[in-house]
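Scroll down for the structure; my scribbles are underneath it.
The values are calculated or read from the model by the stated rules, or taken from the named source; none is laboratory data. No experiment lies behind these values; they were computed from the predicted model shown. Using ideal geometry, Cβ is built from the backbone for each residue, glycine included, and neighbour counts are taken over all protein chains shown. Calculation scope for accessible area: heavy atoms of the full protein, side chains included, ligands and nucleic acids excluded. Shrake-Rupley method; radii C 1.70, N 1.55, O 1.52, S 1.80 Å.
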Amino acid sequence: MSLQAGCSVSGCCRSSIAATRSFANTDIGSRVGGRSFSSGNSSSSSSSSSGNEAKSARNPGALRITQTSPFRGIHQAVLEDLQRLGSGSSSSSSSSSSSGSSNAGPLDRVIRLSTDSNHSSAQWSLAPITTAIAMAKKVFLPIEYPSSVTSNYIPFVQAMSLQMLFSHISRVLATQAMLLAVGVGSGKALPLAAVTAWILKDGFGHLGAIAFGTLVNTRFDSDPKRFRFQAAALGKTADMLSIMTLGSPEWFLLLSTLGSACARTSFSTAQSCRAKIYETFAKQSNLGDVLRCSQAQTVAAQLIGTAIGACLGPAVGNSLPHLLALNGAFSGAALFSAYHASALVRMQTFNLQRAELVFHQLCTSLLAGHSTLSVADIATLAADPPAAPVLECLDVAAVAEKEVFVRNYRSIFSTPLLVNPLMLDGDMMLSPFDADLDGRGTDAGSSSGDRNLADDGQDGTAATSGLDGRDYLFALRHSTSVAKDPSLVLWYQADTRTLETLQGFFHASLFRLILEGKSLPDFDQQEIHSLYRHSAKLASAWWPAAHHSLHTTGWRLDVAFLDIRERRIRLERG
């Protein structure tokens, strides 16, 4: 499409815009894909061209606007070759055709254009292969791919599609076993009990999915890679239980109900993790388009898997060993693909594991080997904190390689951390402001503050002093086992914002590194309080550099999943 606009000012502001639509009129010059051409009567074209030149001469400030055809976005190379244009005289037509033939590209780049002078309309005919490729990209890939998604998008789609393919083959075989177990294909009428059992299994399955989702709740957002893989494992467990109904028809209701519960829970879990997973691939706020493509990719893989499973079904028949063997093979392939797909996801938000991996590296570089210094040496360091160097923070790709999502995560810190637990009487409260705290975390002149702190902690409200608006509170909790080190306890206030939440976790990580290598039972309470106060000064001095490093490496600082908000405390005077 081409727009030609001329603007002139005479007395008052006047403007005139002459616009021509490509192929809409055969006697007006136009441009396609940035290439000018003319169609129809040559004299008309010549007069139009000379008229345009005259306008440009009269209006030296004339503006020429060229708009790329929307077809170029589907397949850019298609618009680069015009084979034939116009329906004028036979000589011009043959000349145009000859010229187009000489300049034509490969078959999938040829575009044939014919003009009907009577109706002033254009008809496009694209090569079938080009059309198929263009439509496939339109359906299965986001708009403006590859610039609109991250570099790990295509490997994830490949692994996810294989997972859906193998998973649906396994599911078809499992459904076949269940149908045979209730008597489908035996030539006899199905008993009412079998029909009732088939209906009941779905009802129990839905209840199980709802219960599981309620228990997990926000952890779908904090650790979607883990729950996505667990969803795949639950789905394959459901298939195995369904196949077992063929070997034990008398236990059909129990086995099918368990299988249905696993299947429904698997589907619900996968759907709950879906948005958070695909959010990591969207680069241009195009999550909706990415989700639309994922739906098309999933359905295509499922349809192919269903077709393959339907072809394998008659060959397997009602042989339980064969069904178990094939189901095991396809389930293993599906789980391998699910693991590979989940490993490719790069989460940009912090949960406990990702935060520990990042902050441990940051604090280690900041302390630079000073974590085993004495209390006096730490005090000297805190009295005049050195300027923080340019920190090299682990980016999302590096953390994704270190992150575990199948087995349970084990902290890389030697000092355990508890976030927002219930308060206990034996907790040693730490304050960076009060130097005269006793071992129970109360003011020296108070005899009931510790009891109030523990009691009020049951409903999330703590009455304490000396915190002066602090967004978090620390304590040391001694383990019941003598061999274990005390745990550092971190409580957040109810109204603490995300950035202060991350700052509190940074402070906790720094203090845990300072405590490493020290035998806390050998320290008196005053020394522990001094170490904590020094760590607070260092954390305040070094947090701006850490914050800048986190921001520049692509971590999201507007949301974090480091605690359970319902367990936060309220710090009040009293």
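Compare the Cα positions of 252, 282, 301 along the charge dipole of the range 231-309 (+1 at Cβ of Lys, Arg; -1 at Cβ of Asp, Glu; about the Cα centre) and return the one farthest towards the positive end.
Working it through, the farthest residue towards the positive pole turns out to be 282.
How far apart, in nm, are the 7 Å Cα→Cβ label points at residue 379 and residue 150?
Modelled inter-label distance: 4.7 nm.
Quick one: which of 409-422, 379-392 comes out on top by average Cβ neighbours within 10 Å, and what's the full order, highest first?
Put in order of decreasing packing, that is 409-422, 379-392.
Note down the accessible area of residue 145, probe 1.4 Å, to the nearest 10 Å².
Here the residue's solvent-accessible area equals roughly 90 Å².
Please compute the modelled spin-label separation between residue 306 and residue 556, points set 7 Å along Cα→Cβ, answer in nm with one decimal.
Each label point is offset 7 Å from its Cα along the Cβ direction, giving 3.3 nm.
Express in Å², to the nearest 10, the accessible area of residue 558 obtained by rolling a 1.4 Å probe over the protein heavy atoms while all chains stay in place.
100 Å²
Going by average Cβ neighbours within 10 Å, how do the peptides 342-352, 151-161, 304-314 rank, with the highest at the top?
342-352, 151-161, 304-314
If the limit is 31 Å between Cα atoms, which of 236/402; 225/537; 138/402; 137/225 go over it?
With Cα atoms farther than 31 Å apart: 225/537; 138/402.
Under a 1.4 Å probe, what is the accessible area of the range 331-418 per residue, stated in Å²?
About 47 Å² of surface per residue is accessible.
How much accessible surface does residue 164 have with a 1.4 Å probe, in Å² rounded to 10?
40 Å²
Mind giving me the FRET efficiency for residue 131 and residue 206? R0 is 41 Å, r the Cβ-Cβ distance, nearest 0.05 is fine.
My answer for the efficiency is 0.45.
Can you give the FRET efficiency to the nearest 0.05 for residue 407 and residue 322, using r as the Cβ-Cβ distance and R₀ = 51 Å?
Efficiency computed from Cβ-Cβ geometry: 0.95.
Multiplying the sequence separation of residue 547 and residue 564 by 0.36 nm and subtracting their Cα-Cα distance, what value in nm do you get?
Result: 3.8 nm gained on full extension.
So how much slack lies between residue 248 and residue 329, counting 0.36 nm per residue of separation and subtracting their Cα-Cα distance, in nm?
27.0 nm
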